[in-house]
Amino acid sequence: MSTFPRRLRDLIATAAQARRGRGGDHQPTPRGPRPPAPGRRGCVIVGVLGVVTSIVLVMGASYWLGRAVSRIESRYWPTPTRTPDIAALGPGVVVGSPSIDVATIQRVLAQYHSPATADAQAIYDDGVQHNIDPAYCLAFFIHESAAGTQGVARTTYSIGNIRAKPGEPSYDGYRLYSSWREGIADWYRLIDDLYVHQWNLTTVDAIVPVYAPSTDNNDEATYIYTIKWLVAGWRGL
């Protein structure tokens with residue numbers, strides 16, 4: 001177990017003790033030169049401890065943020081070589097020509113041992129048909145189910161874990177498809193028809209809060225970061 005919380009508690013306790021002063025009964029001030037104010041040294045100690053505590057907190061936050069990014073990198077990029085520049089993507093415009101080719105899609109799916117590896121061409125072709133960059137389709141697929149290797153997607157063939165409407169084939173509340181190709185086609189149709197053309201949501205920043213809202217136990221910021229991290233990496237940014 002990390003000793004960081006214990007050290008932080010000790011610092012806080014020491015600071016609190018310093019604020020209380022030295023304690024003891026009040027003694028009358030002797031005549032002659034006035035001694036230094038008894039609380040001045042305590043104030044200095046408190047100030048130093050405050051600075052030290054701030055430094056510790058900043059270093060701790062940086063450490064845990066770094067670990068969080070490392071966990072994302074290790075999960076979503078089987079062979080990481082560097083940290084992509086997600087700022088270059090801006091809000092993450094999903095509409096447009098493909099930024100990755102079929103070979104890249106197939107290679108990434110194979111790295112995840114995805115059961116949809118044979119459908120890499122469909123991910124590319126459907127993206128071209130709907131004018132949506134297939135890199136984003138692939139990124140959603142990886143974030144939602146590690147490319148079809150985790151969760152209900154292994155049964156539903158849904159690349160985006162789309163919720164089922166009343167009357168639609170479903171499994172555990174999610175749309176159920178007969179093949180990965182059918183699931184791929186429906187994801188593109190959903191994003192193109194509903195998000196882009198009806199709701200005018202064309203970026204990752206705008207789509208994710210609706211697609212995977214925090215009210216459905218999703219971490220929107222992490223979701224957006226992951227999608228951009230993957231796409232930027234594939235683009236070599």
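The values are calculated or read from the model by the stated rules, or taken from the named source; none is laboratory data. Only a predicted model underlies this, so the values are computations on that prediction, with no experimental measurement involved. As a convention, Cβ positions derive from the backbone with ideal geometry for all residues, glycine included, and neighbour counts pool all protein chains shown.
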Can you find a residue in the stretch 160-175 that is assigned to a helix (DSSP H, G or I) and either at pLDDT 95 or above or touching a Cys at 6+ places or on another chain (Cβ under 9 Å) (or both)? no
Identify the single condition in (1) farther than 25 Å from I105 by Cα; (2) of a type in the set (G, A, S); (3) touching a residue at least 24 places away in the same chain (Cβ under 8 Å) that G173 does not satisfy, given that it satisfies every other one. (3)
I'd like to check something: does the stretch 190-200 contain any residue that is more than 18 Å from G92 (Cα to Cα) and either of a type in the set (S, T, N, Q) or in a loop (DSSP other than H, G, I, E, B) (or both)? yes
Selection from the stretch 201-237 of residues that are in a helix (DSSP H, G or I), over 22 Å from I105 (Cβ atoms) and in contact with an Asp or Glu (Cβ under 8 Å, 6 or more places away or on another chain): P209, S214
Only residues in the stretch 220-235 that are in contact (Cβ under 8 Å) with a residue 12 or more places away in the chain count as the first member; pair them with residues that are among the charged types (D, E, K, R) and in a helix (DSSP H, G or I), Cβ under 8 angstrom, at least 6 apart or cross-chain, and list the lot. I224/D205; W229/E73
Any residue in the stretch 214-225 that is closer than 23 Å to P98 by Cβ, surrounded by fewer than 19 Cβ atoms within 10 Å (Cβ to Cβ) and of a type outside the set (D, E, K, R)? yes
All conditions in (1) under 17 Å from T202 (Cβ atoms); (2) in contact (Cβ under 8 Å) with a residue 60 or more places away in the chain are true of P115 except (1)
Here are some residues: D133, D126. Which one is more than 20 Å from I224 (Cα to Cα), touching a residue at least 24 places away in the same chain (Cβ under 8 Å), among the acidic types (D, E) and buried (at least 19 other Cβ atoms within 10 Å of the Cβ)? D126
Any chance the stretch 145-163 includes a residue that's surrounded by fewer than 15 Cβ atoms within 10 Å (Cβ to Cβ), within 18 Å of V231 (Cβ to Cβ) and out of contact with any Pro (no Cβ under 8 Å at 6 or more places or on another chain)? no
